[in-house]
Each structure stands twice: as C-alpha cells, then as structure tokens.
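A quick write-up on the structure given underneath.
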Amino acid sequence: MKTENIMYEIKFLLLALAFSCGSIRAQQKWTLEVCREMALQNNRAIAVAEKTEEKAGYESGSYRANFFPRISVSGAYLYSGANMSRTVKGNYLPTFVSDPATGQLKPNILTKPDGSPVTGADGNPVFREYAYFPDMKFDLGLNGTYFTGIRAEQPVFTGGKIVSAYKMSLAGKDIARLNRHLVRTEIIVETDEAYWQHLKAVESRKVALAFQKVATELLRNVENACSAGMKTKNDVLKVQIQVNRAELQLLQVENAIRQSRMNLCRIMGMPLVSEIEIAESLDENPAEISRTTDFTARPEYSILEKQIELKHQQVKLVRSDFLPNIGVMAGYGYMRGLKLNGAPLVDRASFSALLFVRIPVFHWGEGLNKIRAAKTEKQIMQLQRDDLNGKMELELRQALDRCEESRLEASLTARALEQTEENMKTSRNHYEAGMETLAGYLEAQTLWQQAWMDMIDAQIRQRLNETYYRKARGGF
C-alpha cells in the first residue's frame, strides 16, 4: 500500500509540475491512464477508504497487545485531618504464681486452712495480690499515608476470547483493504465513463461540423440555382431547415463537450474551468483483452469470504464468555503511614501474587442460545454469499456477452457508415445531374449523419463495455 501511494504521489507531482506552465498545459495530451491516476490521487472516497484501512491496522495492533502482560505503576497519597482516638480504661488484674509440682501458673488466691479458696461477697475467689493496669490511650492517624507499587496482569486462559478477537481484527483489516480496492475500482469505472463520454462529444463535433459544411454548401448551390430560376424558393427553405438543424446540433455538441470536460475535471480533482485535451481517438481499435468467466478476483467476492470468517470467529468469541477464565496478577509495592501514637504503624515493601479463576456453571441457557444465534448469523452470511456469487457470475457472463455484441456492432456501424457515405455521394451526383430529387439528397445526408453518430455510439459503448467487463472480473 505504501509503495502504491508513493507512486501516485510521484505521478501527481509530475503532473502538477507539467501543468504549472501555460505552454506545457496547452500541449498536454491526457491519456486514460493519466486521468485514472489523477482521479485516484484526488478522490476523497479513496482517501476515506485508506484512512479506514489505517484505522483497522491500529485496531488490530491494539487487540494483539492482549497477548502480553499488562504492566502498570500506581500510587496513592492520603491527606486527612481526622484522627481516631480511643482510651482503654485501667483496672485491677489478678495475679498468678508458679506451681512447684507442675511448673505451670496457677491463680494466686487466698485459701482456708482446709485448702478451700476464700471467696468475697460476690462469690468470686479473693486473690492474695492484684496488679493495677492504668488507663491506655490509642491515637491512630491517617494523614500522610501513601502507597506506591508496580503490578503485572497476565491472562492465562480466556476460553479463546483473545485469539478470536485478534483474528476478527485481522479479518476486519483485510475487509478494509478489499474495500479500498473496491472503491478504487468504482473510481476507475467513473473516470472511464467520463473520459469516453467526453471523447464521444469531441467526435460528435466532427460529425456536426461535417454535416454543417455539407448542408451549407448545398444551401449555397440551391440559392444560386434559385437566383438563376432553376430552383424554387421552396427548395431553398427546405435546405435552410437542414442548415438550421445542423447549427443547432453543433451548439448542442459544443455544450456537451464543455459539460463532459467539466465532469472529467471534477472527477480528477481539477478546477472545472481547466482546459484539457484527451489523447485517445476512435480511429484505433481497442486492444483485445483475455476472456474469462472467473470472478473470484473481484474484491466483493473476497469481502464476502472475509465476512464469513468474521462470523466464524464471532461464534468462538461468544462461546468464550461461557468457558473458564484463568488469570494471574503479581505486584510489588511500598506503603508507609497509619501512625499509632505518632509512630508509623506500616513502613515496608511487599510482594503479592493472585491467581484468578472463574468457571461459569449455570446461566439458564443464555450461553447456548447466544452461541446458536451466532451460528445462525454465520449461516445467513453463507447463504448471502452463495446468492451474491451467483449474481456476480451472471453479471460477468452478461458483461462478456455485451463485449462481443458491442464489438460486432462497432464493425457493422462502421460498414454502414461507408455505405451511407457512398450513398450520399451517389445521391449528390444524381441530384446535380437532375436524376435525384432534393428531398432524396437531403434524406441521404441525414442517413449519413445518423450512421456516423451510430458508429460513434457503438465504439464508445464498446470501450465502456470493456471497462464494465474488467470490473465484473476484478481485473483493474
């Protein structure tokens, strides 16, 4: 794609340099290939298609990134004027002494001579000694607490979601590329139509000028004969009508030339008032092209295949939502803060790891129905592909038939022009010799003009049908 764009830019710069000088502009002959290149370089539709392809490439790269760990650095700082304070009330605590026999601690209680414990008024045993526990105050401060760390996340198994999404992005990228090819084909067809229509108008001017010349010459002869008394005024009026019709046709042809030239300039992205002269003529027969009935080179065919592939991956993507998901996460961070009575309670770095597993168990048939719906969409796309393939094959065969018909039509109309031209010469000789009526001679002129126009129409149609055939087989 980059090489193709560079070539277009070089050709465009050369054309711009050539047309920067008025003398060169007047001498420039515009071939069909140059017009196509200008149209492809300046058409906004293909610029949009190229940007769409570029966007698809970026999206594919973003999906490819899902195969690799996600690494992030985070940090947090807490500013708060609130302190949490609590006081634990002091009290008397019982004491314990060591038992020499067992070495364990036992309550240090008073005993009677018989060894039974002395109890107080509340029924609890009375200890020999008590330890005093004073009041204790706890102040927990949050202000100035901060955390910083680095974390890595890596999916281990996602049910094929990452792979399917990436393959879908690749299919979308291919579809964007094929769509650019399709847009390019449509621009070429539009350029060819404008080019040949302009040539048709230019060739029609030759017919109009020749017809005007013949009619004007006849009018001069009839007027001279009328002045000599050999023709009637009615004959002069009949020929005058023919001359008027020739002048009107010449005006119509001039307008057609101007309008078709403006349309061609519009397609090429040039100012509408640009003066251009095309190089081709109808004197040369178009080159033979190879005949084939294979339409698989068309971008539409490849787009349909890629869309089916897209639907196939979409089925896998939907299925992945209802399969187990496994992922791991690891992090290393440092935390300081949570002051207790003015001293930091936490001041250390630590490593952490997490294994995540999610296994869907039961969704009341949601997954099964979604998968079936995705498979049905794929089947619909396959049916549409088969239908469109049949239409493309029919279109290609029809285009091939029209090419053969137009080639024969061009040959027959050229032969008819020769015959009507010979007929007009014969009719003129007979008219000048008094063996042909004026009406017969005028009719011969009309037939000659019509045969010439029919030949031009057939030759233009032949070239357009060649273009349509190349489009139908994907041969641009």
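The values are calculated or read from the model by the stated rules, or taken from the named source; none is laboratory data. Values in this document were obtained by computation on a predicted structure and should not be read as measured data. Cβ sites come from the backbone with ideal geometry, for glycine too, and all protein chains shown count toward neighbours. Only protein heavy atoms, including side chains, enter the accessible area calculation; ligands, DNA and RNA are left aside. Shrake-Rupley method; radii C 1.70, N 1.55, O 1.52, S 1.80 Å.
For the chain, the residue among 47, 332, 388 whose Cα projects farthest onto the positive side of the dipole built from Cβ charges is 332. Lys and Arg at +1, Asp and Glu at -1: add these up for the other residues within a Cβ distance under 10 Å of residue 455 and post the number. Around residue 455, the surrounding residues sum to -4.
With contacts taken as Cα pairs under 8 Å and at least 6 residues apart, the chain reaches a relative contact order of 20 percent. For segment 121-226, the per residue solvent-accessible surface stands at 50 Å², with DNA, RNA and ligands left out and a 1.4 Å probe. Computed from the coordinates I sent, Kirkwood radius over Cα pairs in Å equals one of (1) 22.6; (2) 26.2; (3) 32.9. Tell me the label. The value computed from this structure is option (3). Any idea what angle helix 366-432 forms with the longest principal axis of the chain, computed on alpha-carbon atoms, 0 to 90 degrees, nearest 10? Rounded to the nearest ten degrees, it is 10. Taking a straight line from the alpha carbon of residue 213, these lysines sit under 22 Å away, with near neighbours fewer than eight places off in the same chain left out: 200, 231, 233, 238, 425. When you filter the chymotrypsin sites (Phe, Trp or Tyr not before Pro) in segment 65-155 for DSSP loop state and at most 14 other Cβ atoms inside 10 Å of their Cβ, you are left with 79.
Separation of segment 183-218 from segment 298-344 is 61 Å, based on Cα centroids.
Of all lysines in the structure, those lying under 24 Å Cα to Cα from residue 339, and not within fewer than 8 positions of it along the same chain, are 89, 137.
Let me check I've understood the local charge: for residue 400, count other residues with C-beta under 9 angstrom from its C-beta, Lys and Arg +1, Asp and Glu -1. What total comes out? Net of charged neighbours comes to +2. Using a 1.4 Å probe on the protein chains only, how many percent of the accessible area of the chain belongs to carbon and sulfur? Taking all protein chains in place, the chain shows 57 percent carbon and sulfur surface. Neighbours of residue 44 by Cβ distance under 14 Å: Lys/Arg scored +1, Asp/Glu scored -1, total +1. Cross-link pairs exceeding 22 Å in C-alpha to C-alpha distance, out of 370/391; 167/391; 55/370; 167/378; 29/206, comprise 370/391; 167/391; 55/370. For residue 106, the aspartates and glutamates whose Cα falls under 20 Å of its own Cα, not counting residues fewer than eight places away in the same chain, are 114, 129. Rounded to the nearest 500, the 222 nm mean residue ellipticity of the chain from helices alone is -21500 deg cm²/dmol, with -39,500 (n - 2.57) taken per DSSP H run of at least 4 residues.
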